[in-house]
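> Quick one: this structure, given as structure tokens, is what I'll be asking you about.
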């Protein structure tokens, strides 16, 4: 999965299948773009399973110290975002009652 820039503030998922060939667009490798984004913007996902209060937690995928990450089959990719606010909004746009994880997206944790 790669992403497309949306108004300079967030990155939205976009499907692609380049079969790992290092495909290029205008001379720029998609692998290079992905590596650059990973260095500056965290990648987020929302847990498909609801919490007891009905919320779906938004998590950073790079946070290894989060004690309750979702299993891979329960994750919906939200893409790269500058912060959890954009990721929570992206989850809400997909129809989830989204809330930031207390541990890895605390800035957006409300309940």
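Laboratory data are not the source of any read-out in this text; all were calculated from the coordinates shown. On a predicted model such as this, the values are computed, not experimentally measured, just so you know. Every residue, glycine as well, gets a Cβ built from its backbone with ideal geometry; the counts of neighbours run over all protein chains shown.
> Taking the residues in the stretch 73-86 that are touching a residue at least 60 places away in the same chain (Cβ under 8 Å) and in contact with a helix residue (DSSP H, G or I) (Cβ under 8 Å, 6 or more places away or on another chain) as candidates, determine which candidate is nearest to residue 50 (Cα to Cα).
78
> Another question, if that's okay. Which of the residues belonging to the stretch 73-87 are surrounded by fewer than 20 Cβ atoms within 10 Å (Cβ to Cβ) and closer than 12 Å to residue 59 by Cβ?
Correct list: 74, 75, 76, 77.
> Being closer than 17 Å to residue 111 by Cα and without any contact (Cβ under 8 Å) to a residue 24 or more places away in the chain is the filter here; which residues of the stretch 52-68 pass it?
The one that is closer than 17 Å to residue 111 by Cα and without any contact (Cβ under 8 Å) to a residue 24 or more places away in the chain: 52.
> Output the qualifying pairs, or none if there are none: Cβ atoms under 7 angstrom, residues six or more apart or on different chains, first residue in the stretch 88-111 and surrounded by fewer than 16 Cβ atoms within 10 Å (Cβ to Cβ), second residue outside any loop (DSSP other than H, G, I, E, B).
92/98; 94/76; 97/56; 106/100; 107/84; 107/100; 110/99; 111/99
> If I ask for residues that are part of a loop (DSSP other than H, G, I, E, B), touching a strand residue (DSSP E or B) at 6+ places or on another chain (Cβ under 7 Å) and more than 22 Å from residue 40 (Cβ to Cβ), which ones from the stretch 70-93 would you list?
70
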